[in-house]
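Down below is the structure, laid out as structure tokens.
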Amino acid sequence: MSLDRIDAYLESHARDFEEQLKDLIRIPSVSAQPDHDPDTRRAAEFLRDDLAAMGLDVEIVETKRHPIVYAERLAAPGKPTVLIYGHYDVQPPEPLEPWTSPPFEPTVRDGNLYARGATDDKGQMFTHLKAVEAWLKTAGDLPVNVKILIEGEEEIGGANLEEFVANNPEKLACDYAVISDTSQFAPGKPAITYGLKGLAYFEVHVQGANRDLHSGTYGGAVANPLNALATILDGLKGPDGRIRVEGFYDAVRPLEDWEREAFRKLPFSEDEFRDELGVREVFGEEGYSTLERKGARPTCDVHGLWGGYSGPGPKTVLPCKAGAKFSFRLVPDQEPAEVEALVRRHLEKHTPPGVTVELISHQGSPAVLVDVDSPGFRAAVKAIEASFGVAPLFIREGGSIPVVGLLKKHLKVDTLLLGWGQNDDNLHGPNEKFSLADFHRGIKASAHLLDELSRAT
């Protein structure tokens, strides 16, 4: 069938798609807050009804917390099967004060749709659903077999999704997985993300005396947990940007020559990068560019600190405990469990005397690297070029999407990471937005992708 009819349907229904997306966004499906549990279910039911109206077989799968929406249309014998993943849950909107418009009342300004979930991930996920709709309403069926998996717990770790995927490998079996939960390289420069970093996230508790003490009476006689914590954290990374945990780099896969050349060719201005962030200079591991550090080298960062007194005015307290949260972004072939073991040994060796340390591991996921010379990848390139008018760039990102590793582990399938958003879309922050032009380009690219994958060999 000619794709002209598909494109015409997309154009004639563009405003309808926008209004439907707004209706979904108005549902405050904040998975982290129990008060919004009825809203997460309402979002799941909204998607179930939308998929059923298209003609897909759809069900709501109950979990221990938020439901999963699963749909399928398996009416293309001999053709590949495509699994489309997305999530309908969103981050909490707080703090509310910086929002220019209410977070759950989608508002259009300067061609952008502002609301929580606009780009992460309701807007991006919705592009694939509307592409499926266009095929079904225009051609009567799909050029490939399609399975759709939409969860409601991505923003809180997705533990119940992992159980569902692990228990249903045959139900979810596919040739390609497709996710849109990343970004373009820049406006007008679409990208396919072929690499994601993994994550190892920790919390450390440092305990000193059995109670807070007067710093004049006891200072210098007992260890200060805050001082010890500072020493511990300082010991994780050196002034050259290298991580000091013994053995940390042993499993790190070096960047290939073609990758380093590809990074050099990306249209990136370090001066503009600094100016946008308001910093005087960039910092990171010596011997690597800013883009290589961001997307393809491991990192270590502290995310939060507590202990002692931080209110107004002085208080000469020697705290009895202190703590911090920190993480490592991992690259192939590092494993979170191995990194945890290395960190534990490092702390045992380098904890200052006079305190005890407890290390808590919160979550972990391995890095992902996708073959850029595969039929699915080539199909995605063609589909994006047909919609955006330019060939996509190939990039690696510093973020982590655990479900990609999950699908690889249980379904043995690589994922096409097709980002329609922008780096300044403020996902997780106030005034989250999504370009409506990119929303519609994403739908068209997805519709063309289904056609391209039907012929990919």
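The values are calculated or read from the model by the stated rules, or taken from the named source; none is laboratory data. Keep in mind the model is a prediction, meaning the values are calculated, not measured. Note: ideal-geometry Cβ built from the backbone for every residue, glycine included; neighbour counts use all protein chains shown. Please note that ligands, DNA and RNA were not included when accessible areas were found on the heavy atoms of the full protein model with its side chains. Shrake-Rupley method; radii C 1.70, N 1.55, O 1.52, S 1.80 Å.
Data overview
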read-out	value
Filter result (within 19 Å of T231 (Cα to Cα) and assigned to a strand (DSSP E or B)) within the stretch 318-347	L318, K321, A322, G323, A324, K325, F326, S327, F328
Inter-residue pairs, beta-carbon under 6 Å, first within 20 Å of G208 (Cβ to Cβ) and in the stretch 305-330, second among the β-branched types (V, I, T), 6+ apart	G308/V317; Y309/V317; A322/V206; A324/V204; A324/V302; F326/V302
H346 open to solvent by less than 60 Å² (accessible area, probe 1.4 Å) and of a type outside the set (D, E, K, R)	yes
Residue check, T40 closer than 28 Å to E432 by Cα and either open to solvent by less than 10 Å² (accessible area, probe 1.4 Å) or outside any helix (DSSP H, G or I) (or both)	yes
The stretch 74-115: number of residues that are within 20 Å of E155 (Cα to Cα) and part of a strand (DSSP E or B)	6
Identity of the residue in the stretch 55-69, surrounded by fewer than 18 Cβ atoms within 10 Å (Cβ to Cβ) and not in a loop (DSSP other than H, G, I, E, B), that ends up farthest from the chain's Cα centre (by Cα)	D57
Verdict on K130 being open to solvent by less than 10 Å² (accessible area, probe 1.4 Å), farther than 20 Å from L407 by Cα and out of contact with any His (no Cβ under 7 Å at 6 or more places or on another chain)	yes
Residue selected from the stretch 116-138 under the condition within 14 Å of the chain's Cα centre (by Cα) and outside any helix (DSSP H, G or I), by the criterion farthest from I84 (Cα to Cα)	G117
Some residue of the stretch 435-455 being part of a helix (DSSP H, G or I), in contact with a helix residue (DSSP H, G or I) (Cβ under 9 Å, 6 or more places away or on another chain), open to solvent by 10 Å² or more (accessible area, probe 1.4 Å) and of a type in the set (A, V, I, L, M, F, W, C)	yes
Long-range neighbours under 6 Å by Cβ, at least six apart or interchain, first residue within 26 Å of G376 (Cα to Cα) and of a type in the set (A, V, I, L, M) within the stretch 412-437, second in a loop (DSSP other than H, G, I, E, B) and open to solvent by less than 10 Å² (accessible area, probe 1.4 Å)	L418/S180
Hits in the stretch 201-232 (condition: open to solvent by 30 Å² or more (accessible area, probe 1.4 Å), assigned to a helix (DSSP H, G or I) and either closer than 30 Å to Q363 by Cα or in contact (Cβ under 8 Å) with a residue 12 or more places away in the chain (or both))	S215, G216, Y218, L226, N227, A230, T231
Subset of the stretch 178-203 (residues that are charged (D, E, K, R) and either out of contact with any Gly (no Cβ under 7 Å at 6 or more places or on another chain) or within 12 Å of G399 (Cβ to Cβ) (or both))	D181, K189, K197
Test set (1) at pLDDT 95 or above; (2) open to solvent by 30 Å² or more (accessible area, probe 1.4 Å); (3) part of a loop (DSSP other than H, G, I, E, B); (4) under 20 Å from G398 (Cβ atoms) - G354 fails condition number	(4)
Long-range neighbours under 8 Å by Cβ, at least six apart or interchain, first residue surrounded by 15 or more Cβ atoms within 10 Å (Cβ to Cβ) within the stretch 247-270, second of a type in the set (S, T, N, Q) and assigned to a loop (DSSP other than H, G, I, E, B)	A251/Q334; V252/Q334; F263/S289
Of residues in the stretch 18-37 being in contact with a Lys or Arg (Cβ under 9 Å, 6 or more places away or on another chain) and outside any helix (DSSP H, G or I), the one farthest from E154 (Cα to Cα)	I27
Neighbours by Cβ (under 8 Å, 6+ apart or cross-chain): first from the stretch 282-296, assigned to a loop (DSSP other than H, G, I, E, B); second of a type in the set (D, E)	V282/E270; E285/D240; E286/D240
Unmet requirement for A71, which otherwise passes all of (1) out of contact with any Pro (no Cβ under 8 Å at 6 or more places or on another chain); (2) among the hydrophobic types (A, V, I, L, M, F, W, C); (3) closer than 16 Å to E155 by Cα	(3)
Cross-chain or 6+ apart pairs with Cβ under 8 Å, the stretch 114-141 first and without any contact (Cβ under 8 Å) to a residue 60 or more places away in the chain, then buried (at least 24 other Cβ atoms within 10 Å of the Cβ) and small (G, A, S)	M125/G86; M125/S180
In the stretch 382-398, residue modelled with the lowest pLDDT [restricted to those that are open to solvent by 30 Å² or more (accessible area, probe 1.4 Å) and under 22 Å from P332 (Cβ atoms)]	E397
Hits in the stretch 140-196 - residues which are buried (at least 24 other Cβ atoms within 10 Å of the Cβ), among the acidic types (D, E) and part of a loop (DSSP other than H, G, I, E, B)	D181
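For every residue, the table says whether it meets (1) open to solvent by 10 Å² or more (accessible area, probe 1.4 Å); (2) within 26 Å of the chain's Cα centre (by Cα); (3) on the phi > 0 side of the Ramachandran plot.
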position	(1), (2), (3)
Y288	yes, yes, no
R297	yes, yes, no
V317	yes, no, no
A322	no, no, no
K325	yes, yes, no
F328	no, yes, no
